[in-house]
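What follows draws every value from the coordinates through simple rules; no lab data is involved. Keep in mind it's a predicted model, so treat the numbers as computed, not measured. When we count neighbours, we look across all protein chains shown, and the Cβ atoms used for this are built from the backbone with ideal geometry, even at glycine.
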Amino acid sequence: MKRFSFESRTVVRTAFFLGLLFFAIRSSADDLTGNWVARSPQADGTSRVTYLDLKQVGSRITGHIRVTQFYYNIVESTGGPDTFILTGSMMDGHNERRVRYEVRRVGDALHVATRRRPDSELIEMVAHRAPAGEGALPARLPLPALHDVPDNGLARTPPMGWNSWNKFAERVDDRAVRAMADAMASNGMKEAGYQYVNIDDTWQGSRDAQGNIIPNKKFPDMKGLADYVHSKGLKIGIYSSPGPKTCAGYEGSYGHEEQDAKTYAAWGIDYLKYDWCDARNLYADEDMQAVYQKMGDALLKSGRPILYSLCQYGRAEVWKWSATVGGNAWRTTGDIRDSWESMAKIGFAQDGLAPFAKPGHWNDPDMLEIGNGGMTEEESKVHMTLWAVLAAPLLAGNDLREMSPAIAAILLNTEVIAVDQDKEGKQGDRISKSGDREIWARTLSDNQQAVALFNRGSAAAEITVPWSDLGLKSTPPRARDLWGHKDLNLSGQQYTAAVPAHGVVFLRLGN
């Protein structure tokens, strides 16, 4: 047998150890453990940032993904070594939310693709290594002891105005807000009672060295904008979150509550919508009252009357405690969409909340979708009627410059608005239901009542309301059809109306 020489054995040994070294270096280079960040520049000068804090053991990857308001635990990984799929999961109250990221390693970078929803467009980004800890959730700040925040004296009737989100979403800017103020001041809305012009999410930029919030480049002069809105005889609102980030991933008010409230006051802000969102990653639902109390106190200390609107989707029975944290209105539902199904599901589910509404403090089933194209004229009348019976805030969400005469007639129906704005502030309730037919009533001032006959079905139907169901012993002496704009001659012990599909007949009864 031929023997290897000493020199040959040395060469083999050297090659073997070089191979091990190369394998170790290769394995180290391929190890995805670490913090990765992808920054996607936005037109407003900010960046949408996604963090992937990864830990790799063999072919398995765990860790976290943080993007906008969401903080996911990686619960599943498949594929490898250069192409793999990560599945993230987070709990939102009692509901699980999942996300799927497709990741491909290209050199020293990760090419990442995901969809915000299964039916939405693919979002692609490139992630690079970042310092450890960058993008991690901040430490959980302690919460104050609970106490009652004094009433600010605002919103003695439900607030009325306009909000940017339903129509403009992230496209809102200074120009659009000025245009809406111009429209509201000139198209009869101001005279009808609409007064707030509210900027929703995506106005925030960054914070300066002192921690003061700075708007992004869509809003170059927030005080100048507020002054402009005020010059039209209107008021202006703004949006933030008690979390580190807002719903869209912009700068929240976490740890800066008093500072932000003072900034809003200095700008001349009159209304704050405060959206839970990213706060859920630090606090539980049972912490909500204390979290919202912090901003309620801060607004009172700001030196300016600012209406306080809580947006946390009706969780933690908010109607039972919102007034004690200074809330003037509080969302009782998830987000509304521009459809009959969404509006009806939300609106008709409000029965039973009437005891918690009163002057200065209102249940809020979300903004109006009237005029955005997803509902018919009859459905929009149902929307407006139901919100009026519920003594709900009336915040239009359409483009006020482009209203058809039919939509303007709905939003500007002063007789319906008068029901919503009744000074007694007593929210209405359902008094009867039979299949798709529902009757709701609301007690008004001066011994009057508003009665709505709703047909939720897809075919026209007759609906009858006995006067005894309204607590009346005889035929009301006066009745007014609020959509027909006409007085009715009533007789007998009940009233029957032909109600169109997805429609309503709305009456005001009284002396």
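Before moving on, here are some points about what is shown:
- Residue within the stretch 473-483 that is of a type outside the set (Phe, Trp, Tyr), touching a residue at least 40 places away in the same chain (Cβ under 8 Å) and touching a strand residue (DSSP E or B) at 6+ places or on another chain (Cβ under 8 Å) present: yes
- Flag for Asp260 being farther than 23 Å from Thr68 by Cα and of a type in the set (D, E, K, R): no
- Residue match in the stretch 299-307 (condition: over 18 Å from Ala155 (Cβ atoms) and not aliphatic (A, V, I, L, M)): yes
- Of the residues contained in the stretch 498-506, none is found to be free of Cβ contacts under 8 Å to residues at least 60 places away in the same chain and under 20 Å from Pro365 (Cα atoms).
- Among all residues of the stretch 179-191, there is none that is touching an Asp or Glu at 6+ places or on another chain (Cβ under 8 Å), touching a residue at least 60 places away in the same chain (Cβ under 8 Å) and outside any helix (DSSP H, G or I).
- Top-ranked residue in the stretch 264-303 [being of a type in the set (A, V, I, L, M, F, W, C) and more than 23 Å from Ile199 (Cβ to Cβ); ranked as surrounded by the fewest Cβ atoms within 10 Å (Cβ to Cβ)]: Ala284
- Filter result (in a strand (DSSP E or B) and over 17 Å from Phe84 (Cα atoms)) within the stretch 39-71: Arg39, Ser40, Pro41, Ser47, Arg48, Val49, Thr50, Arg66, Val67, Phe70, Tyr71
- So Glu76, is it assigned to a strand (DSSP E or B), touching a residue at least 12 places away in the same chain (Cβ under 8 Å) and over 19 Å from Asp278 (Cβ atoms): no
- Of all residues in the stretch 200-238 being over 23 Å from Ala388 (Cα atoms) and among the aliphatic types (A, V, I, L, M), the one that is surrounded by the fewest Cβ atoms within 10 Å (Cβ to Cβ): Ala209
- Highlighted here are the strands (runs of 3 or more DSSP E) found entirely within the stretch 87-154 that include at least 3 residues which are surrounded by 13 or more Cβ atoms within 10 Å (Cβ to Cβ) and not aliphatic (A, V, I, L, M): 95-106.
- Residue list for the stretch 245-282, restricted to those being assigned to a helix (DSSP H, G or I) and within 15 Å of Asp297 (Cβ to Cβ): Glu257, Glu258, Gln259, Asp260, Ala261, Lys262, Tyr264, Ala265
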